[in-house]
1. Quote the Stokes-Einstein diffusion coefficient, in whole µm² s⁻¹, for segment 79-145, based on the Kirkwood radius over alpha carbon pairs, a temperature of 10 °C and a viscosity of 1.306 mPa s.
2. Hey, which of these cross-link pairs are over 25 Å Cα-Cα: LYS237/LYS274; LYS66/LYS237; LYS120/LYS273; LYS195/LYS237; LYS101/LYS181?
3. Return the carbon/sulfur percentage of the accessible area of the chain, one whole number, probe 1.4 Å, all protein chains in place.
4. Would you mind calculating the gained length between GLU125 and LYS237 on full extension (0.36 nm times residue separation, minus the Cα-Cα distance), in nm to one decimal?
5. Can you give me the C-alpha center-to-center distance between segment 91-114 and segment 200-247, rounded to a whole angstrom?
6. Rounded, prolate or oblate, given the Cα gyration tensor of the chain, with a/c below 1.5 counting as rounded?
7. Label GLU141 and THR64 with points 7 Å out from Cα along Cα→Cβ: what is the distance between them in nm?
8. Report the full-extension gain for the segment LYS294 to GLU132: residue separation times 0.36 nm, less the Cα-Cα distance, to one decimal in nm.
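The values are calculated or read from the model by the stated rules, or taken from the named source; none is laboratory data. Computed from a predicted model, the values in this text were never measured in an experiment. Virtual Cβ from ideal backbone geometry, glycine too; neighbours counted across all protein chains shown. With ligands, DNA and RNA removed, areas are computed over all heavy atoms of the protein, side chains included. Shrake-Rupley method; radii C 1.70, N 1.55, O 1.52, S 1.80 Å.
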Amino acid sequence: FFFCKRKSKMAFKVQKSKAYYSRFQVKLRRRREGRTDYRQRKRLCAQAKNKYQSPKYRLVVRFTNKFVICQIAYSLIDGDRILAQATSRELARYGLEVGLKNYSAAYCTGLLVARRLLQKVGLDEAYEGNTEVDAEVVKCEVGKKTYYVDEVDEDKRPFRALLDVGCRATTTGCRIFGALKGAADGGLDVPHSEKRFPGYDRDAKEYDVDMHRERIFGGHVGEYMEYLEEEDNQKYKEQFAVYIEHSHEADDLEELYEGVHEKIREDPSPAEKKDFSPDKSFKRKSKLSNAQRKERVQAKKDAKIAELEADEE
């Protein structure tokens, strides 16, 4: 990058000088890698000084190529700490083994991490959350403060966590908000509105609750299954092979997700860790010594010479 100046009818480059480069400061590593939005992170982590070191908790939602990850985290000066975690990989325990990255799975994972955390901190009985999934935004006001729970307990306030979306675009209907809705229905106090949920019309400023509820129970997946089965049966068998293997049909999905929600509420605790025993039968081959390597090379040479002599004869 340079400027061109004209002097005595001649153009020449004015390059960035030594003074510029000596003052240049590179951005933080995770910013250079495009992994952390530090403007967002500062606002999620920085706490008012009159709170006396009580941390701000974050509901961290991330998507991999196959799963959803939800965590409740807070930051310290030497790094983040995780209070509770749930992934959609665990949903197989509760009867869901297919579609572990869609909107419905994100809702289930958010519900699981919320119930797991509240059980850990002893708030699971005080804040049961929304047991009837109707996709409505639940909130109440106590004093001048708004809490996103059905009712505030007299002795214990709800556990508040702020949604951390990372570098994902927060478009209307994004799966991140499925995890948020699951956590809110699980009893967490997560500030939100209906403006980014599926079914919200920005122009008309109206919120279609039924459309959002259908998305939570996999209605959009069921519709596509029915469409594909009629239009292209071969593609249907390829794309929904795992659904067919587990005998899931388009009409059964709502019942499936209802059962998953019930099982999560019954026992949200993490599974016991299995003892890892490595396979000790495998033995790495020992390295050849220098003399053995030379013998090996000489044997190959002798074999090749013998082969050439046989061809000449």
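1. Values: Rh = 14.0 Å.
The Stokes-Einstein estimate is 114 µm²/s.
2. Numbers: LYS237/LYS274 35 Å; LYS66/LYS237 20 Å; LYS120/LYS273 17 Å; LYS195/LYS237 36 Å; LYS101/LYS181 15 Å.
Pairs exceeding the cut-off: LYS237/LYS274; LYS195/LYS237.
3. Numbers: 10460 of 22180 Å².
Exposed carbon and sulfur together represent 47 percent of the surface.
4. On the way: separation 112, 0.36 × 112 = 40.32 nm, distance 4.41 nm.
Residue separation times 0.36 nm, minus the Cα-Cα distance, leaves 35.9 nm.
5. Comparing the Cα centres of segment 91-114 and segment 200-247, I get a distance of 16 Å.
6. On the way: a/c = 1.86, a/b = 1.31, b/c = 1.41.
Oblate shape, in that a/c is at least 1.5 and b/c is the bigger or equal ratio.
7. Each label point lies 7 Å from its Cα, and together they span 4.4 nm.
8. Details: separation 162, 0.36 × 162 = 58.32 nm, distance 7.64 nm.
Net length gain for the segment: 50.7 nm.
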